[in-house]
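For reference, the structure is listed below as structure tokens.
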Amino acid sequence: MHSEVEVAQSRKTDGSVPAAIRSELESRLNAGSLELPLLPGVAMEITSAAAKEDVDTRTIADMLKRDAALSAHVLRIVNSPVYSPRAQIVSLQQAVARVGAIKIREIALVIACRTGVFKAKGYEKEIDEVFTHSIGTALFAQEIARNTRSNVEDAFLCGLLHDVGRPVVLQALVTLLREARVVADREAVLGLVSELHEAAGSALAKAWALPDTVVTALARHHSPRLEQEGVPVRIVSLADRFAHLSAESNGLTSEAVTGHPALAALEIYPDVLEKILKRATVVKETIGVMS
Amino acid sequence: MNESFDLIVIGGGPAGQKAAVQGAKLGRKVMLVERSRSVGGACVRFGTIPSKTLRETALALGKFRRLTSHVMDVKMPEHTQIESLMARKEEVIASHERYMGAQLARNGIEQAQGVARFLSPNELELTDITGGRRRVGAPYFVIATGSSPRTPDDVPIDHEHLLDSDSILSVSYLPESLTVLGSGVIACEYASIFAALGSQVTVIDRSPRPLAFLDPEISDHFTRQLQEFGGRYLGGRKLVNVAWDGLSMVETKLDDGQLVRSEKLFCALGRIAQVQGLGVEVAGIKLTPRGLIAVDEHGRTAAPHIYAVGDVIGPPALASTSMDQGRRAVCHAFGAEVGAAREATPTGIYTIPELASVGLTEAEAIERHGSALVGRANFREVARGQISAAEDGLLKLVAHPDTGVILGAHAAGETAADLVHIGQMAILGAMTYDTFIDAIFNFPTYAEAYRIAALDLFGKRAQRAAAAAE
């Protein structure tokens, strides 16, 4: 811990994040004492229940009922064309029975992230972008997984949460700066967030008891040696790039991604790449439904 | 500049590897082109090795239950992670890759990662994963590009809910229920594995019985075991419609009005030759109406300096026969001596229980010789079967009605795929069933089944002779 004096001394800065604050943030992260947002109660219960055996649809539906906002979101998403091309779903139990406990967990996580985790005062616009980008990454990860015959559900979850560390670090950093009454440039703040988001994200995934594949993907999706990483890490790394490019108009082209190390690591040849890129329109429509 | 070789092999699966090694052993300069980073191709990552690793786990669990007389039960929790049941997969793959890579390197074979396309009958363009191109030439080529799952237009494979044999093992959790389309080797192998691990499996096919090319007594062992695992075989049915319901279940409608709902669906309705992008027409290679590369008895395509081997030329499409084809094709190309092709090719099927066959079935022998001598050994009569709690098994011997020469051996049960090799040697040596009666076998072994089956055959023959004499 650093004393108030030390922090105060570092106040006279040029807009950069003072070294003391930076090291305070890092040491909290390393010590595991960084304040992590709790997965909102109901979403947490659903996440752990979905992984258990003999979980029935009634139990999950009852859990959902206790959170009106979550229930409304679940019904809205379940009734969207992405999930339900057929009959309309009116009850929560019907929703759980038809979507399945694992899919409900996915939806609950999306909503929980939207409402509980992706927050940081003064940085609403950036956080919104992170969330939209995360949904995009999740959807692209799904398409990449499909085309490399890897697990599609895992890919979605890893993609959705890959940047969850950003709002976590941002929130902690904003609080620290406020406490120390230091004003730092947005650029400097976001730079530090970028630097630390992998570590914070994986710490969060561990705290939420998410599968190991997710923890690893969150920790290493910017790894410079993708060929040494597992498949989910490679997929997220590539999906991350796809999602960034697709946010620019006409940004996502095969020329723009050629040479990305994940392509070689995943053995994606140009013909397969074309197939994935063709799905970009559908991905964009789905982002609209989910964010 | 164009690099030249004496032989270029396209495809690094079992057939391509053996072709390349044979070329090098004959002192030629060989290049092996493979799409994947490691030799063995997709089959190592998606096929044989992972599925057999999973099967071993399923077998071990079943055996544990039987050996402890079900006093100790191993229950698979719902949503068990499939990956955790294939814990040894990565080690097995790594050691296989190491071994194969070392063999190719030792033989001085140049390996290239990329896809190949014929620019002319003697020139290939190789495109690597980054799009980099180079040209290579050779007087001889072997195409061993293998096959990929066939996806009928009305089965919307999404690799998430509806899977094929490339994606089936990517499911993270053991599905509660699985519909299997098809009744061939791949369909039945996966049906067995998932049923043994606790999934509710429904196998659907047009064929009235699964594995139709086998002796029915042998394939019955598969069906019976599937039922014991809680699964079912719906034969003689046609698909009307297959679709994911958009939420949680795959719905399969059949022509008899049945609707089968399952968490996942596995489509194994055959495989197609992988010739896309190869530029076969430029090279002067002809395809069959089914899209396979047409070859003569030496494996030569319509362009006589280009050979094709393995799955890309169609049945039997077994790793064992493909390796032999690869070796023979290269020997033929360089005029090296090679023995006559063997007739008695064994087939091993890694269902639970294991099934295997060599030579003629009873029906084929009757068709060819008017009648046949048949002897059976049930594994219940074999001490080894009792000891290993593997009493569900059968060895069926088929012999010539007059001479008693062994014509076929068919087995179901533990080690069946190994067991039929004894029958194979008897067929190749034109031995009679007496050989087995007079021979001494190790005790307790499954091989003893040969003696038991031969005695059964002898007994029946004697009865028949006595009846005829009366």
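Every read-out reported here was derived from the displayed coordinates using simple, explicitly stated rules and does not represent laboratory data. Owing to the predicted nature of the structure, the values given are computational and were not obtained by experimental measurement. A quick note on method: Cβ atoms are made from the backbone with ideal geometry, for glycine too, and the neighbour counts reach across all protein chains shown.
Measure of size requested: the Rg and Dmax of region B:353-465, with Cα atoms as the atom set and Å as the unit; please supply both.
Reported Rg and Dmax, both Å: 13.0, 39.
Over the Cα atoms, compute the radius of gyration (one decimal) and Dmax (the largest Cα-Cα distance, rounded to a whole number) for region A:166-291, in Å.
17.1, 54
How large is the helix-only mean residue ellipticity at 222 nm for the protein assembly as shown, computed as the sum of -39500 (n - 2.57) over DSSP H runs with n ≥ 4, divided by its residue count, in deg cm²/dmol to the nearest 500?
Details: 31 runs with 352 residues, N = 761.
Dividing the helical sum by the residues of the protein assembly as shown leaves -14000 deg cm²/dmol.
Compute and list, largest first, the equivalent-ellipsoid semi-axes of the protein assembly as shown from the alpha carbon gyration tensor, each √(5λ) rounded to a whole angstrom.
Working: eigenvalues 598, 222, 106 Å².
Values for the protein assembly as shown, descending: 55, 33, 23 Å.
Dividing the Cα radius of gyration by the Kirkwood radius, what Rg/Rh value follows for chain B?
Rg divided by Rh gives 1.00.
Only Lys, Arg, Asp and Glu count, each charged at its Cβ (+1, +1, -1, -1), so figure out the dipole size of the protein assembly as shown about its Cα centre, rounded to 20 debye.
Roughly 260 debye, rounded to the nearest 20.
With charges set only on the Cβ (+1 for Lys and Arg, -1 for Asp and Glu), what does the dipole of region A:214-291 come to about its Cα centre, in debye to the nearest 20? Each step should come with its number before you reach the end.
Values: 8 positive and 9 negative charges, 33 e Å.
Roughly 160 debye for region A:214-291.
Let me know the Kirkwood hydrodynamic radius for region B:162-268, please, with Cα pairs as the basis and the value in Å to one decimal.
13.7
Principal axis extents for region B:45-134, Cα atoms only, whole Å, descending order, please.
Its Cα atoms span 66, 31, 22 Å along the three principal axes.
Using θ = phi - 60° and the Karplus form 6.51 cos²θ - 1.76 cosθ + 1.60, what ³J(HN,Hα) does each residue of region B:309-318 get, whole Hz, x for Gly and Pro?
Each residue's phi maps through the Karplus curve to give 9, x, 4, 5, 9, x, x, x, 6, 9 Hz.
I'd like the Karplus ³J(HN,Hα) series for region B:205-216: coefficients 6.51, -1.76, 1.60, θ = phi - 60°, whole numbers in Hz, and an x wherever there's a Gly or Pro.
Result, rounded to whole Hz: 7, 5, 5, x, 10, x, 6, 4, 7, 8, 4, x.
Which ³J(HN,Hα) values in Hz, rounded to whole numbers, follow from the phi angles of region A:251-258 under the Karplus curve 6.51 cos²θ - 1.76 cosθ + 1.60, where θ = phi - 60° and Gly and Pro get x?
For region A:251-258, the Karplus-derived couplings read x, 8, 10, 5, 4, 5, 9, 4 Hz, x marking Gly and Pro.
Given B:Lys89/B:Lys396; B:Lys253/B:Lys396; A:Lys103/A:Lys275; A:Lys103/B:Lys253; B:Lys89/B:Lys264; A:Lys65/A:Lys121, which pairs have Cα atoms separated by over 27 Å?
Among B:Lys89/B:Lys396; B:Lys253/B:Lys396; A:Lys103/A:Lys275; A:Lys103/B:Lys253; B:Lys89/B:Lys264; A:Lys65/A:Lys121, the Cα-Cα distance tops 27 Å for B:Lys89/B:Lys396; B:Lys253/B:Lys396; A:Lys65/A:Lys121.
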